[in-house]
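Single-structure report; data block below.
The values are calculated or read from the model by the stated rules, or taken from the named source; none is laboratory data. Here the structure is a predicted model, which is why all the values come from computation and not from measurement. Cβ placement follows ideal geometry from the backbone for every residue including glycine, while neighbour counts extend to all protein chains displayed. For accessibility, only protein heavy atoms count, side chains too; no ligands or nucleic acids. Shrake-Rupley method; radii C 1.70, N 1.55, O 1.52, S 1.80 Å.
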Amino acid sequence: MKLNLRSILPLLAGVAVLYSACTKTGINVKSDPSTVKASDNVASSAIADNLAKSLAGSFGGASLNDGVTPSTNASSKLKVQSTYSCGFYIDTSLNRVFNQGDTLKATKTGGTKYYFICDGNKTVGYDSVDSLNTVGSGPGYSFVYNIVQKYKVRGLNTNNSNFSLDGPMKAYVDNEYTKYKTFSRVHNTYVFTNLYVHGADNFDITSGTATFRSEGKTNGGGWDYSGTIVFLGNHKAKLTFLNKIFLIDLLTGKSTPA
């Protein structure tokens, strides 16, 4: 698994879709989010989108889709401290600037530390700590992404195509659309337990659970919910909070009431 430092720019190029989604749900831009409760459907959609994109590394940090094999291309400062890709990979002073055209700009700062575990000269897993902050802007909007991951990843078969993942993740995502005077803030924390991932099946999470807390606000109101997530396979997960159940599509980040 490697740090996903470049996928953020294609993601941001489509960030205006979030504004469109908000308008379709009837958000009133004159509402006071400090006194209005967002609907459960709005909250579940925000949680589902945050979960799918943060697991894929879209906001920065490690991506589930990179599996167990280490990469030395995550940063120009990444150092290999021992042979056969075993031992520590460290970058404690990450500072990267990304530009796409003349309008989309992002700066990523933070630090990463990986400890790769080997069997002979073969990598079979790693422990990681990533803490990354991305600040940027595009035409009519600005954003801040703060990602912290403390993952324990282990290969489960001879070629590591199946692997497990455990550990917490913080995914704080703030978007502000100055042109339309709208905003979206989704601050989620997760604790993943016994996620079983099939790399050969487009990195499908076939089993495992998570607990989460989500605090969010939009112009249409706010929420502060805790709940559970059960990964079902076939790129689906069951999201439960307030005794309500929603089905998440982990490929699209969409949520539907169950």
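A few remarks follow.
- Single residue of 193, 182, 158, 211 found to be β-branched (Val, Ile, Thr), at pLDDT below 95 and over 30 Å from residue 106 (Cβ atoms): 158
- Among the residues of region 108-140, those identified as closer than 15 Å to residue 174 by Cα and either of a type in the set (A, V, I, L, M, F, W, C) or surrounded by fewer than 21 Cβ atoms within 10 Å (Cβ to Cβ) (or both) are 132, 133, 135, 137, 138, 140.
- Matching residues, region 147-190, being part of a loop (DSSP other than H, G, I, E, B), out of contact with any strand residue (DSSP E or B) (no Cβ under 6 Å at 6 or more places or on another chain) and under 25 Å from residue 215 (Cα atoms): 178, 179, 180, 181
- Filter pass, residue 229 being assigned to a strand (DSSP E or B) and open to solvent by less than 70 Å² (accessible area, probe 1.4 Å): yes
- For the criterion of being over 26 Å from residue 230 (Cβ atoms) and hydrophobic (A, V, I, L, M, F, W, C), residue 124 passes.
- Residues within region 232-254 that are in a strand (DSSP E or B) and either more than 20 Å from residue 57 (Cβ to Cβ) or open to solvent by 10 Å² or more (accessible area, probe 1.4 Å) (or both), tallied: 13
- Every residue from region 116-142 that is more than 21 Å from the chain's Cα centre (by Cα) and either within 13 Å of residue 62 (Cβ to Cβ) or hydrophobic (A, V, I, L, M, F, W, C) (or both): 116, 117, 118, 124
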